[in-house]
Structure formats: structure tokens, C-alpha cells
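Below is one structure, written out as C-alpha cells, with a few remarks after it.
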Amino acid sequence: MITIEGLKALGVDVETGLARCLDKEEFYLKLIDMGIKDSHFEQLGKTLENKDYTEAFEQSHALKGVAGNLALGELYDLICQLTELLRNKTETDYAPLYNQIIEMRNKIKDM
Amino acid sequence: MPMKKILTVIIVLLNISTLIWSNTNNETSVKVGYYENEVFQEGASPGAIKTGYSYEYYRKISEYTGWKYEYVYGSFGELYRMLLDGKIDLIAGLAYKPDRADIISYPDSAMGNETYSLVKHSSDSAITANYSTLNGKTIGVLNSAMVDVLQKFLISHNVKAQIKTFDDYDKLFQSFDSKQVDILAAEGDGAHERDNAEVLCAFGASEYFLCVSKNRSDLLEELNAAQTQLFTEEPNFISSLKAKYYPISVSSRAFSAAEKEWISSHSELKVGYLKSYLPYSDTDKNGNVNGVIKDLIPQIIERLGIADLSYSFQGYQSYDEMINAMLGGQVEVVFPVGGGLYYSEENGIYQSNPVASSSTELVFLSDSKVTEPKTFAINQNNKMQYYYVINNFPDCQIVYYPSIEECLHAVVTGKVDCTTINGLRNDILKNRHYHSLSIRQLKISDDRCFGIEIGNEGLLKLLNRGINVLGSEYTQNLSYRYSQLLYHYSFTDFLGDHLEIVIPLISLIILMILIFLIRDSKHSKIALNAAENANRAKTIFLNNMSHDIRTPMNAIVGFTELAQQNLDNKEQISDYLSKISVSSQHLLSLINDVLDMSRIESGSIAFEETVINLTSLIDELKTIIQPEVDKKQQTLIVDVSKIINQNIISDKLRINKILLNILSNAIKFTGNNGTISLSVSEHPREEQSNHNSIYEFRIKDNGIGISTDFQKIIFDSFTRERTSTVSGIQGTGLGMAITKNLVELFGGTITVHSIEGQGSEFIVMIPFKTSVLATGEKKSQVTDADFTGKRILIVEDIEMNQQLVTMILSAYGCEIDIACDGTVAVSKYKENPTGYYDLILMDIQMPQMNGYEATRQIRKFESGKRIHIPIFAMTANAFDEDKKKAKEAGMDGHIAKPIDSELLIRTLQENLK
């Protein structure tokens, strides 16, 4: 179960996130649950596999908004890195970065 | 004429003994029963355009009777009853049946006639045009007058077939399509629009009439008289009307025995064509066939469904050569032939139906006085022209030339009176050297056909069939593709054509070039000077910079070495380190200036707009410079009392930079005990009610001042009045240039007044947007916000984001509506009345339609019809470029993700009024 303490332990900027949700804890946790299960994570994986960097950028960018709004700290930073690489359509092996993102996301999801 | 066939009207023929034709000037109003019937009678409703066989017939009758029609619309059944009741006077398209003749009046002559045909399934090869193959077959026929005709036909040909009658056409056709009957007896060719049907033969014909109500014997008399007169004056009227509306479609008929014989004995069609005869035929520069013939042959083969037949082309220079090649068996068909049937027979050829029916034009010199042309130029390679001319101008004198071009040239030069040209080929006259020629269309047209050797009936019929299938417009339309090849419009032609424009234009261009050359030489001198000046400035700057950079660097290197030598002496090291630190700071500021300047010059600077409280900004500045001021025991006077609106919206860092640059210069160039003052005043703009003021910053000192010469260039890059070596004051020579550039980027101005030795005053005027919001008490302001009754449309595809924004805005009383992408947003906006939404928050990247496009569509729809709705982008893309795009799409602003709820609420406060 996702808890405030658990999030704090994973380096999530809980204060900012809560403030954004007008300090409504339950609501914030509900949003995190919703955001973390967003299908864009999977779609991002597929587009990266297909080297469709234009579409991957769209996916990554959408996730950046999600992670940013939820103040997901490290996950947000990782997604930002990915977004910037994709913005310039950098030819590189995206697998390690994507795996890191999914790992981090699963940590929150499987809390 | 499907509907008409249903009619079986039986009537007694009236004996009209006397015809009294009274030609009165009074118009008689006649009630016409007008029912809808495809091709025959169309436009049976008020206001609809009427066309069709019957309509034209009515109009023609009116020309002879003077009748004025009053149209009554309805189904045939309704109108027929009305005719019987005497409520209407006329109805068209009734067949004659003797037993009903006492209830309706028939005129003496029919208004038209139609053929009855037998139609078979095209797949059914057992039935042929040989009537004996009809024995034992089932023939479907409409229960009508046609039955009698069919029976008579079968008896006369000794055929024993089963006749099955149907009450309406739908059932008959269904039964034919499902092959319950082998043969269909139909009107017209009956097969039209039925792909798998073939017309076998005609078995009879029937007339149909324009019938008159029994009560109107006066009309009947007039009609009879009119028909008689029509027949006398326009004997071809009925047949041409029939040809116009019911052309025979040969295509649906089965191949005849001769055609079948030809197809089975041939695998290739060898086509001969005439060269240099575009758009009909020619050989292109690669030696391949070109022109209409190139497309025509494959099209015919395809449309006839004989795709197994291959084809080849052979071009001939002259008509005679071509005809002889066919008669000699080298090719089997030639194209084009023409010039009249008589010469075709003389040549031993059949002419097919016209491939192209076109006019023939007489070509003569425009200012020629010749009324009756006597001498004709004839292309000796084109016998068609010769045949046509001797047919139509038997007394003329003929002069031969080897090509049409030379014929035309002979006319231009007056060697002959005229020549002729085929109507589709007259684009040739567009060539410039023929501009002095005129054309006149001759009365007798000259068709262009296929030529086939006499006796080759199968091929002739096949080609005729193909020509009919393609239709008369086919070649006409196709010819335009090739006729443009007939003329070549060169650049010199163009010049020649437009001399009256070209000459002044050329003179003008030469004049312009001269002017530019003169100006350019001046300009290049100026430009060169400017470049040299800039270069010189750069060199001086680099020298200064090298010095300026070397000085702190020397200090850093030197003090570092000293520190290393005195590692034991803590105090000493601390002193060195602080000196290193000062030099490093200075070096850093130098580098920052250079970077700032290059950023400004490359235009890549971006403003971060926030709400700034001016008084506190100036307080902060004061804190920064106070130590320097104190060091020189100077007096700093700050006056902010003339500020009306404390809160402005701008880029805090850049404002700081501007003021700091000027203030630190003031401190730098003012001696000990001097006075420096900063006063700020606000001048609200009257015309701009929406929070826009000009703020004036005056920074005054009583320092060393600036020479008049230097005042002129003080704001240029890389300029310093005295080098640091001379002045002992360090600087980059960029400070004022940066300041001026920044001020201008804000849309403001900077001026300087100075007297050497007495001091300087810098005046900066910048327009700022003012804000009603305070910066200090953000929290309370936000909590105070109340948007009850405001409706906001959130356009966002991700549910989590939707919920977050909804929650925040709901907390402030907003009503929320959500659109999950741009298309939904646009339709929601459109379907609700103006003012329904107070504001739109728009995500940028969304499926279906992105935020930019959605905004563009909303703005387009809104334009001129609705009041402007504020639209704010809400996106994680916060680059300047993205903001610019949002603006271009018509958005009012930009809110970055992750969402700053305070900023969001403040934006709403400013935009929801």
C-alpha cells in the first residue's frame, strides 16, 4: 500500500506534492496510485523498442507532467533526462534508462 | 422509360373530321399532369428544373399552339385518374389501346416511339442471334401491350418459347437477374446499367402519345393541328429528340458473328498512324507513338473486354503511304482517316464511326482583302486535307507544301490565299509566327475516323463498338492533353509578344541596376567603415580584456604560489585566499558579462516574468551596493515615493541587472564623499487601462562625468572611456551595452546627461504591466480567492492530471468541465453558448488534436462571433519556443507543469473577472 512514509523513504518530495493537493493526504495518495498505473509507461517502452523517437517523446513528455505534478522526485528526474534525450532524438541505447524508470515506478507501485 | 411502360391505356381512336387551327393571340392555360420519370420526364416538383424528352416535346408543342402550361404534380396513377375526371388536360407517354379509347382522347400522331428488345444473360452462350436458339426458352415480359407484339414476333419466326408475364418491372428484373427467365423482353435496349445483360435483337416497336382529357376537344384539335405543322416544318424533330435522350447503346449487344470471327482469328492488332498530326497522332522524339491514338487503342481493347489482344504501332510520314501499307497488309487499321466517304471508297477503305467529330477551319491572313479564296496551300502528306478541299472548294487552285507549317508560312507570306486546319489542331496557330493569321470555321465538319480495308467487317464493327463505348467526348477530352504540344512558346516569343512592356521594363531594370551599383559602392564604403570600426573596437576590447583578465589571473596565480610557499602560516594563507577570492569574483563577473552580451546579441535571451514588488526590489539593491557606498563614504539617496503601483510583472533578475550596472558605475566613477541618488516614479498610461505604466528610474551622481564624445558611444559594446590602466577602474566595457540592450528588450529607453567633472544622470524609462496582486502575502491572497460561479474547461488527456487540477480549482469554487482531447474541447466550446466557459486550461500534447490546433480552431470560430475566452497552456514544455508557439496559436498565457497551485490561482484571479 502506498503511504506517505513509504514515499518519503523513496525520496518523493511529499511536502510539495501534498501542498499541490492542498494538503489532502488521501487525495494525493489516490492520485499517485492513478499516475503510477498510467498506461503511458508501457506505451513509452513500446515506442522506444520501435525506435519511434517522435512518439516516445510524446509519451515521455506526458509522463514528465504526471511525475512532476506528483512530485515523484527521482522518478521525475529520470523521466526528465529521458525526455530531453528524446527531444533531440538522440541515438542511444535507451534500455538502461527506461529500465531504471520502470524499476523506480514499480518500487512505488508495489509498496 | 421504365414508368411509361407500365401504362397500358386502351382507347378508341377519335375521328377528327375537321381541324380548325385558330391562331389566336390569347394564351390558353393548359393543365399538364407531370409525373417523374427518368430521362423521359424529370423535375416533377415545384421549383425543380424540368428536363427530358417529354418536357422538350411539351415546349415544342407550345411554340405551335401558344399554350401556357400549368403543371400538376403527382404519381402517374393519381394523374391518370385526374385526367379521367377532367381535372387535368394533358398527360404524356401513353401507349395506344383501342378498348380504352372512349375515356381518353388520342391525337392523330404519336409523340414518340420505342423499340422492344430481347435481352439475354451475357454468360449464356446457348442463345445467339439465330432465332432457332430461342426454342424452349422462357421469356419474361411485362403484362402489357408488349405481350401481343412478342407473340406475333415469335409466331412469325416460328419460335416456340414459353412467355411468362409480370405485373411490374421490379419483379421482372428480379426474375431475370436470378435466372428464372432466360430472356427479358424490354423497352429500349433494356440492358442499360445491367452489366451481365446483352441485347439479342429487337422484336417490335410501339408508339406513345400525348393524351388529352375527353372534356377538352378544343385542345385536341389544336394539338392535332400543331403536330401536323410540326411535322411539316421540323420533320427531324422527333428523331433528333430521340437521339438526344435515347441514344442506342451498341455496347450492350452481343458480339456479332463477324466480330467473333475476327477476335478468334487475331492475337494482335497492328495499327498504322500518321506522323506529325497531333493531337491525333505523332511519333515522339524517342520514336514512340504519341497522341490520342496511343491511349485510344488500349482503351478500346480494355472496354471491349478482349484484353488478350495485343497491339503494335507503326508511324507513316504521309497519308497515302499509310493507306497503302494497310492495303498491302502491313497494318490492319489506320488512323486517322477522313476527308469524306467518297474518297474513302476510292481508296478502298471503310471509315469507322467518327473518333473525333471536329470542325475544319479556314486559315487566312487577317488583313487579307480576299473574300472568295482561290488558292489553297495543301500539305502533300495529308490527303484528308486535299479531299476535304476539293470536295468543298471544287474550283480552287491547289499548291502543295510538304508540311502544315509550310502551308501556314505560305499564307503568312501571301503566296496563297488560305489553307485549312482541323479544329482540334488549331493550337498550332498560337505559335508566334502565325499571329497574323485568322481562322473561320467552315460549315461542313470533317470527322476523323479509323480506316479499315473494305471487307474487314469484323474489325470495323469492333472498332465502332469501341468508339461508342468510349463515348463522343472521350477523344475530345483526351486531345487537350496533346494539343499543347502543338505550340512552343519560347522566351524570345514572349519578349516579342510583349514588346510594349518589355522595353520599358528592361530600361527600368538597367536604371535600377545603375542606381544600385552607385548606391552599393557608397553603401559598401559605409559598411566597410562600420566593419572596420567594429573590428577596431573588438581589437581594443580584446586588448583590454586580455589586460582585464590577466590582472585577476595574475593575482590568482601569484597569490596561489605565495600561499604554497607559506603553508605553515595560517594567517598569511587566509589573507592570500581572500585576495584570490576577490580576483576570482572579478574574473567571474567579467566572464558573465561577456556571456550576457553574446546571449543578447544572438537574441537568445528569455524573460522569466513574475510579480515583483518594486520597493522591495530596490531595498534589496540597496543592501547589495551599500557596502561599496560605505567604503567610499558616499551618500546614497533612494526615493520610491512616486510609485503608485508597487507590484509589476517582469523579470526580476534583469531589472536588477539594469539598475545594478548603472548604480555600480555611479559608485565607481564618483569619488569619496560623493552623492548618488536613485529615484523611481510611475507614469500611468492613460490609453492603456489594463494595468500598464511607464516607470522612470533616475540614477544621478556627482562624479567625474562623461565626455560629450564618449556619451555618444557609451552604450556601444566594447567601449570604455579610459582603459583600466589609465583610470585604475576595472571594467569590461560591456556593462552599459548590456544595460541598454536589456532596457530595449523591455521596450524601454535609456538616456544619459552628463557634464565632465560635475557628474552624470542616467534616465531609464520602462513600461511594465502592473499587478493588483501583492507579492508578499501570496498565501493569504490565494486563500482569499473565490471563483464561485466560474466555469472552467480543463483539456487534458491524462486522468491523474485532470483530477489534480479539478481538485485544486474546485477548492476555490470553480465549476469544472473536462475534455479529454482537443477535438472534444473544440466541440464543447462550440456547442455551448458564448460565456458558458470563463476560461480554458489546455494541455498541449494530446491524442487526436493537440492544444495548439484546438486553440486555433476555437479562435477561428470565436472570431467576430464571441467574446475572447482566455486560454492558458498547461504543459511540461516550458521553453521559450513553446511559449512562443502557444502565443502564436492564440493562447493568452502559459502555466508550467508541475503545477504551482499558487501561480495557477493567481493566473485565474487575473483573468477571471
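Observations on the model:
- The alpha-carbon atoms of region A:4-109, seen along their principal axes, cover 41, 21, 19 angstrom, with the largest extent given first.
- Taking a Cβ cut-off of under 12 Å around A:Leu10, the surrounding Lys, Arg, Asp and Glu residues balance to a net charge of -1, with basic ones at +1 and acidic ones at -1.
- Straight-line cross-link reach from B:Lys164 at under 25 Å between alpha-carbon atoms covers these lysines, not counting any fewer than eight positions away in the same chain: B:Lys4, B:Lys5, B:Lys97, B:Lys120, B:Lys137, B:Lys152, B:Lys179.
- What the pair-distance distribution of region B:240-369 shows, using all Cα-Cα distances binned every 10 Å from zero, is 10, 33, 35, 17, 4, 1 percent.
- Considering only Cα atoms, the convex hull volume of chain B works out to 384 Å³ per residue.
- With the simple model of a label 7 Å out from the Cα in the direction of the Cβ, A:Glu84 to B:Ser507 spans 6.6 nm.
- Here region B:57-202 has an Rg and Dmax of 18.7, 55 Å, counting Cα atoms alone.
- Between helix B:735-745 and chain B there is an angle of about 40 degrees, using the helix long axis and the longest principal axis of the Cα atoms.
- Computed from point charges on the beta carbon alone (+1 for Lys and Arg, -1 for Asp and Glu), the dipole magnitude for the protein assembly as shown about its Cα centre is near 1180 Debye.
- The order of B:Phe153, B:Phe861, going from fewest to most other C-beta atoms within 10 Å of their C-beta, is B:Phe861, B:Phe153.
- Annotated for region A:4-109: lysine pairs at least 8 residues apart or interchain, Cα distance under 23 Å, count 26.
- Around B:Tyr852: net Lys/Arg minus Asp/Glu count, Cβ-Cβ under 14 Å: -1
- Beta bridges per DSSP with both ends in the protein assembly as shown, % antiparallel, nearest 5: 60
- Per-residue extension of 0.36 nm, minus the Cα-Cα distance of B:Ala785 and B:Glu321, leaves a gain of 157.2 nm for this segment.
- Space enclosed by the convex hull of the alpha-carbon atoms of region B:358-446, per residue, Å³: 82
- Shielding score for A:8-21, defined as the mean number of other chain Cβ atoms within 10 Å: 2
- Amide H within-cut-off set for B:Ala101, under 5 Å, with H built and near neighbours excluded: B:Ile11, B:Val12
- The residue among B:Phe173, B:Leu278, B:Ala126 whose Cα reaches farthest toward the positive pole of the charge dipole of the protein assembly as shown, with charges on the beta-carbon of Lys, Arg, Asp and Glu, is B:Leu278.
- Of the peptides A:21-31, B:461-471, the order by per-residue mean of other Cβ atoms within 10 Å, starting with the highest, comes out as B:461-471, A:21-31.
- When the convex hull of its Cα atoms is viewed from all sides, region B:783-911 shows a mean projected area of 7.1 nm².
- Highest-first arrangement of B:788-796, B:747-755, B:236-244, where packing means the average Cβ count within 10 Å: B:788-796, B:747-755, B:236-244
- Only aspartates and glutamates eight or more places from B:Lys652 in sequence, or on another chain, were considered; those with a Cα closer than 15 Å are B:Glu608, B:Glu609, B:Asp619, B:Glu620.
- Estimated from helical segments only, the mean residue ellipticity of the protein assembly as shown at 222 nm is -14500 deg cm²/dmol, where each DSSP H run of four or more residues counts as -39500 (n - 2.57).
- Rg(Cα) / (2.2 N^0.38 Å) computed for the protein assembly as shown, rounded to two decimals: 1.58
- Aspartates and glutamates with Cα under 13 Å of B:Lys244, excluding same-chain neighbours fewer than 8 positions away: B:Glu56
Each value in this text was obtained by applying a stated rule to the coordinates, not by laboratory testing. Keep in mind that this is a model prediction, so the values were computed, not measured. When we count neighbours, we look across all protein chains shown, and the Cβ atoms used for this are built from the backbone with ideal geometry, even at glycine.
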